């Protein structure tokens, strides 16, 4: 196996950048397609409501309005009180808010029970004069 060179690293970095740009362009296309899909879905829902019907269909598919109850907190204090009293922490997602933690770290405050884990990233910036 050959020893890596800075020329080889540069070539690999350029390939990485090209692949990243290609993916970002594809992401834009996907996002536009998603916007069209969402718009058509909302138009269909509005039309079904206007027609006062719950579904339409063709030989292959049935398109039906379905109402599902989704949880929504109406009183955080009551919910937190319930969780503290019962210990039912599974009612919440088990994750931290990285932005809030970083704000405290920037203010030189410690957050008990939270450590720092090093994450290596790659920075890509335009060179001067380009």
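The values are calculated or read from the model by the stated rules, or taken from the named source; none is laboratory data. Source: prediction; values computed, not measured. Here the Cβ positions follow ideal geometry from the backbone for every residue, glycine too, while neighbour counts run over all protein chains shown.
Residue-wise test of (1) at pLDDT below 95; (2) more than 24 Å from the chain's Cα centre (by Cα).
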site: 18; (1), (2): no, no
site: 21; (1), (2): no, no
site: 37; (1), (2): no, no
site: 53; (1), (2): no, yes
site: 85; (1), (2): no, yes
site: 117; (1), (2): yes, no
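Scanning region 90-110 for residues that are farther than 23 Å from residue 79 by Cα and in contact with a helix residue (DSSP H, G or I) (Cβ under 9 Å, 6 or more places away or on another chain) yields 109, 110. I'd like the residue in region 56-75 that is in a strand (DSSP E or B) and within 14 Å of residue 41 (Cβ to Cβ) and, out of all such residues, is farthest from the chain's Cα centre (by Cα). Restricting to residues being in a strand (DSSP E or B) and within 14 Å of residue 41 (Cβ to Cβ), the top hit is 56. Note on region 35-72: residues that are surrounded by 10 or more Cβ atoms within 10 Å (Cβ to Cβ) and under 25 Å from residue 91 (Cα atoms) total 0.
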